[in-house]
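The values are calculated or read from the model by the stated rules, or taken from the named source; none is laboratory data. All values reported here derive from a predicted model rather than from experimental measurement. Positions of Cβ are generated from backbone atoms using ideal geometry, with glycine treated the same way; all protein chains shown enter the neighbour counts. Remember, those area values only see protein heavy atoms, side chains included, never the ligands or the DNA or RNA. Shrake-Rupley method; radii C 1.70, N 1.55, O 1.52, S 1.80 Å.
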Amino acid sequence: MTNPAENLQIRTQRTPNPNAWKFVLSATVKREGKVSYTEIRECDHVPMAVALLRLANVTQVHLFENVITVTQNGASEWTALAQSVQDVVRYSMPEHDPDFVDSVSKPKKVERSALPLELQTLEEILDRTIRPGLQADGGDIEVLELDGNILTVRYQGACGSCPSAMMGTLQGIESILRTEFNPYLEVVAV
């Protein structure tokens, strides 16, 4: 019998964030949705994420489709850390369940169709204009709240600690949403 980990291909890619790398797998790690973990207690139901967070200097693990984005605090040399990440993934994948659901401690995500029309429109604009680029760089953006003309968002994955996300990307997002949604909109990242 063939070991599935032997056939697993893992391609590493740098991201615009010098402290985050993407690991693109030939297998699915998260079949539906996306999730970011920064603490072991958040992901004790996902052994691979736990093992990755236990690696020295790793501060976040983001899982999306066939991509794992690992963020570190800058204290590790990437060549050695990347090898450790690949070793953990190869060891963990035979038992990994890509259909895992988020921990019960996290609030249930509301179906997009149940959101107010304004939020549905914002999500559609982000899906079409912003998310593809962020996801290509190992990250994403989550809409948290629209309060009047203030949109609060949270960066995920590589974008969470990226200097360009907090400045240039945020301004780009605001510019697109002002053009396509509301000329007075202010976008705030938490």
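Determine the share of the chain's accessible area contributed by carbon and sulfur atoms, expressed in whole percent, with a 1.4 angstrom probe.
Numbers: 5260 of 10410 Å².
Taking all protein chains in place, the chain shows 51 percent carbon and sulfur surface.
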Q) How much of the calculated P(r) for the range 140-179 lies past 15 Å, in percent of all Cα pairs? A) 40 percent
Q | Translational diffusion coefficient (Stokes-Einstein; Kirkwood radius from C-alpha pairs) of the chain at 37 °C, 0.692 mPa s, in µm²/s | A | 188 µm²/s
**Q.** Residues of the range 155-190 with amide N under 19 Å of a point placed 7 Å along Cα→Cβ from Val24
**A.** 157-159
Q) Relative to the longest principal Cα axis of the chain, at what angle does helix 117-129 sit, 0 to 90 degrees, rounded to 10? A) 60 degrees
Q. So how tilted is helix 170-180 from the main axis of the chain? Cα-based, degrees 0 to 90, rounded to 10.
A. 50 degrees
Q | Selected from Pro16, Val58, Ser84, residue furthest toward positive end of dipole (the chain; charges at beta carbon) | A | Ser84
Q) What does the helix-only formula give at 222 nm for the chain: each DSSP H stretch with n ≥ 4 adding -39500 (n - 2.57), the total divided by the residues, and the result rounded to the nearest 500 deg cm²/dmol? A) -8500 deg cm²/dmol
Q: Place a +1 charge on the Cβ of each Lys and Arg in the chain and a -1 charge on the Cβ of each Asp and Glu, then give the dipole magnitude about the Cα centre in debye, rounded to the nearest 20.
A: 380 debye
Q: With only Lys, Arg, Asp and Glu charged, each at its Cβ (+1 for the first two, -1 for the last two), find how big the charge dipole of the range 1-87 is about the Cα centre; round to the nearest 20 debye.
A: 200 debye
**Q.** Gyration tensor over alpha-carbon atoms, the range 28-74, equivalent ellipsoid semi-axes in Å
**A.** 17, 12, 8
Q. Using 0.36 nm per residue, how much length does the chain from Ser84 to Thr179 gain when fully extended, once their Cα-Cα distance is taken away?
A. 29.8 nm
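Between Asn149 and Ala114, what FRET efficiency follows from the Cβ-Cβ distance if R0 is 30 Å, with the result rounded to 0.05? Please report the intermediate quantities before stating the final value.
Working: r = 23 Å, r/R0 = 0.77.
Computed FRET efficiency for Asn149 and Ala114: 0.85.
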Q | Under-5 Å amide H pairs with Gly139, H placed in peptide plane, nonlocal only | A | Ala158, Cys159
